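Taking it in order: structure first as structure tokens, then the write-up.
The values are calculated or read from the model by the stated rules, or taken from the named source; none is laboratory data. Predicted model, so just to flag it, every value in this text is computed and none were measured. No Cβ is skipped: glycine too gets one built from the backbone with ideal geometry, and neighbour counts run over all protein chains shown.
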Amino acid sequence: MKTNLQILILIFLISSVSTIEVDAQKLAANAQRTVAVTIDDLPVNSLRNDVTTQTTITRKLLQAVTLHRVPAIGFVNESKLRTNDRLDERRVALLRMWLDAGLDLGNHTFSHPDINRVPLATFKEDVIRGEEVTSGLLKAKGRTMRYFRHPFLHAGNNIETKREFEKFLAERGYTIAPVTIDNSEWIFARAYENALMRGDKQMAKRVAEAYIPYMDEKFAYFEQQSMALFGYEMKQVLLIHANALNADYFDKLAQMIEKRGYKFISLDEALTDKAYTSPDTYAGTAGITWIHRWAMTAGKGQDFFRGEPRTPAFVLKEAGIEAE
Ligand SMILES: [Zn+2]
């Protein structure tokens, strides 16, 4: 029989070993996991177009982003800076809030067209038109616009268009902003806003409470996908949107990401990962993660892509969307 003292020592040893192990795991995770946060459809993607609502959404989103010290980049659709087809300085002021918070801005085209549906010449014109205001704001801060994000993540449904557009971007000084942690956050956001506008606070809460675990699963999935393709966890790039859902829940989202052992980094830093130099010949109609573009280019079979988390049926229904 053990004495009380022996039992106490045993308990102490067991508990201290497990504490050390947990700390070591945390440390290892902290050392290796990094993610850049990219936020699309600036100034705001909302069904509510009035300046007051959009200012509130921007202020709340930037508060949470700043609280977690996230060096985020926002991608602008300048068509959203207009009221009755005239440039609205009150909406331009929303972009200044991003720059004043120390964040970066990139081009997401003027009016969010689909490269797979309009002539390439028209699409290019929309990119150029999308530079006018934002590049001026950046210039006033001694900076330049450096990144382009494809609307719908559509990069051309044939290799000729894709390559020609890439050449155009490079000539105008743009670097493509890829996405690795792709997700259907925009569906959750639409469901959330639909519920809010109907005054159904309970449903809005239910959608938001499903959002964080869904994103947690997405992170786990793309961590695995990176391991499977490259043998290590790459510096990830997350895509979300400037919407009411993130204005209210980015704080919780960032907490989840931090709990997974991530450090927030800039897009510049993420793209130093050699994974981003992988060949990409994908020229389909889908707007998918770059990890899967690289995997398809490398000839991975169907098995590779299995297990991607799905949006819950009640969220799709509330968003009025039939399928992902
Ligand atoms: Zn977009």
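Just a few scattered comments:
- Scanning the range 142-161 for residues that are away from the ligand (no atom under 16 Å from the Cβ) and either in a helix (DSSP H, G or I) or touching a Gly at 6+ places or on another chain (Cβ under 9 Å) (or both) yields THR144, MET145, ARG146, ASN157, ILE159, GLU160, THR161.
- Among the residues of the range 54-62, not a single one is within 16 Å of the ligand (Cβ to nearest atom), assigned to a strand (DSSP E or B) and crowded, with 20+ Cβ neighbours inside 10 Å.
- When GLY284 is tested against (1) small (Gly, Ala, Ser); (2) at pLDDT 95 or above; (3) more than 30 Å from HIS68 (Cα to Cα), exactly one condition is not met: (2).
- Listed by position, the helices (runs of 4 or more DSSP H) enclosed by the range 192-278 that each have at least 2 residues that are within 29 Å of ALA298 (Cα to Cα) are 201-230, 267-270.
- Failed criterion for ILE115 (all others in (1) under 28 Å from ASP248 (Cβ atoms); (2) aliphatic (A, V, I, L, M); (3) surrounded by 15 or more Cβ atoms within 10 Å (Cβ to Cβ) hold): (1)
- When residues of the range 63-79 are limited to those that are of a type outside the set (Val, Ile, Thr), outside any loop (DSSP other than H, G, I, E, B) and surrounded by 23 or more Cβ atoms within 10 Å (Cβ to Cβ), the one nearest to the ligand (Cβ to nearest atom): PHE75
- Residues of the range 270-290 that are away from the ligand (no atom under 16 Å from the Cβ) and under 30 Å from GLN54 (Cα atoms): ALA270 alone.
- Count of residues meeting criterion [assigned to a helix (DSSP H, G or I) and either within 16 Å of the ligand (Cβ to nearest atom) or loosely packed, with under 14 Cβ neighbours inside 10 Å (or both)] in the range 38-53: 1
- Residue count for the range 99-108, restricted to those that are more than 16 Å from the ligand (Cβ to nearest atom) and either in contact (Cβ under 8 Å) with a residue 12 or more places away in the chain or hydrophobic (A, V, I, L, M, F, W, C) (or both): 5
- All of TYR221, TYR192 fail the test of being away from the ligand (no atom under 16 Å from the Cβ), aromatic (Phe, Trp, Tyr) and surrounded by 24 or more Cβ atoms within 10 Å (Cβ to Cβ), apart from TYR192.
- Residue check, GLU308 assigned to a loop (DSSP other than H, G, I, E, B) and either at positive phi or acidic (Asp, Glu) (or both): yes
- When residues of the range 162-187 are limited to those that are assigned to a loop (DSSP other than H, G, I, E, B) and out of contact with any strand residue (DSSP E or B) (no Cβ under 9 Å at 6 or more places or on another chain), the one surrounded by the most Cβ atoms within 10 Å (Cβ to Cβ): SER184
- Of all residue pairs spaced 6 or more apart or on separate chains, those with beta-carbon atoms under 8 Å, a first member in the range 66-87 that is closer than 16 Å to LEU138 by Cα and β-branched (Val, Ile, Thr) and a second member that is within 16 Å of the ligand (Cβ to nearest atom) and in a loop (DSSP other than H, G, I, E, B) are ILE73/ALA177; VAL76/PRO43; VAL76/HIS108; VAL76/GLY130.
- From the options GLU131, GLU164, residue that is away from the ligand (no atom under 14 Å from the Cβ), under 23 Å from LEU271 (Cβ atoms) and within 23 Å of the chain's Cα centre (by Cα): GLU131
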